[in-house]
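See structure below.
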Ligand code: FES
């Protein structure tokens, strides 16, 4: 079995039966209801599980192909769960020319996933974006919400190690008032 997966196994997906029924009845007969239901599902899970799309097709009679047409048309929708840490490699022209592709390759190699995928343990999600507006810092990688500029392939191991260490550290106790 591969070390990673882009889509969780069927049995790992959340139980969405009641949720879909509630959404469908809430938006029943309203214009644009398919998109609103999909928004609700994503807001709840952080992505649109395959199981949810299957049930939605069954409950509404909307063909599954039409649901996936909508899901893939709007970049907002996600078909795979996000990681606890999101790594976004800038793929814009300036970053590409300064070696952005090598950063992506290094991340893919170290994480064992491709762009758009999430590691099986859901720790990391990897994606690319077209210019984040920091071309002077190219090549850039956004790690969660922090932008790292002038990143070298050699820096990637350290970035991942820092994130892994954060995962193993217990939360700081709250300051007493
Ligand atoms: S091209 Fe990467 S920040 Fe502009």
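Each value in this text was obtained by applying a stated rule to the coordinates, not by laboratory testing. The model shown is predicted, which means the values in this text are computed figures rather than measured ones. Cβ coordinates were reconstructed from backbone atoms using ideal geometry, including for glycine residues, and neighbour counts include every protein chain displayed.
Among 96, 47, 74, which one shows the biggest mean-square fluctuation in a GNM of the chain, springs joining Cα atoms closer than 10 Å?
Among 96, 47, 74, the largest mean-square fluctuation in the Gaussian network model of the chain belongs to 74.
Do you know the relative contact order of region 10-73, to the nearest whole percent, from alpha carbon pairs under 8 angstrom that are 6+ apart?
Worked out over region 10-73, it gives 36 percent.
Output the relative contact order of the chain, whole-number percent, from Cα pairs under 8 angstrom with separation of 6+ residues.
Over the chain, the number comes to 21 percent.
Which translational diffusion coefficient, to the nearest whole µm²/s, is obtained for region 85-166 from the Stokes-Einstein equation, given a Kirkwood hydrodynamic radius over C-alpha pairs, 10 °C and 1.306 mPa s?
It diffuses with D of about 129 µm²/s by this estimate.
Cα axis of helix 100-111 to longest principal axis of the chain: angle in degrees, 0 to 90, nearest 10?
70
Go from 0 up to the bin containing the longest alpha carbon distance in region 10-73, width 5 Å each, and give me the % of pairs per bin.
Once binned at 5 Å, the Cα pair distances of region 10-73 give 4, 18, 34, 29, 13, 2, 0.
Please determine, in degrees from 0 to 90 and to the nearest 10, the orientation of helix 156-168 with respect to the longest principal axis defined by the Cα atoms of the chain, where the helix direction is its Cα long axis.
Helix 156-168 sits at roughly 60 degrees to that axis.
Against the longest alpha carbon principal axis of the chain, how many degrees, from 0 to 90 and to the nearest 10, is the axis of helix 64-73 turned?
Long axis of 64-73 versus the principal axis of the chain: about 40 degrees.
Share of antiparallel DSSP beta bridges in the chain, in percent to the nearest 5?
Around 55 percent antiparallel, to the nearest 5.
Take each of the peptides 25-34, 76-85, average the number of other beta-carbon atoms within 10 Å over its residues, and list them starting from the highest.
For the peptides 25-34, 76-85, the packing ranking is 76-85, 25-34.
Taking only DSSP H segments of four or more residues, each worth -39500 (n - 2.57), what value at 222 nm results for the chain once the sum is divided by all its residues, to the nearest 500 deg cm²/dmol?
-12500 deg cm²/dmol
Once the mean 1/r over all distinct Cα pairs of the chain is inverted, what Kirkwood radius in angstroms do you read off?
About 18.3 Å for the chain.
Below 8 Å between Cα atoms, with a sequence gap of 6+, how large is the relative contact order for region 85-166 in percent?
38
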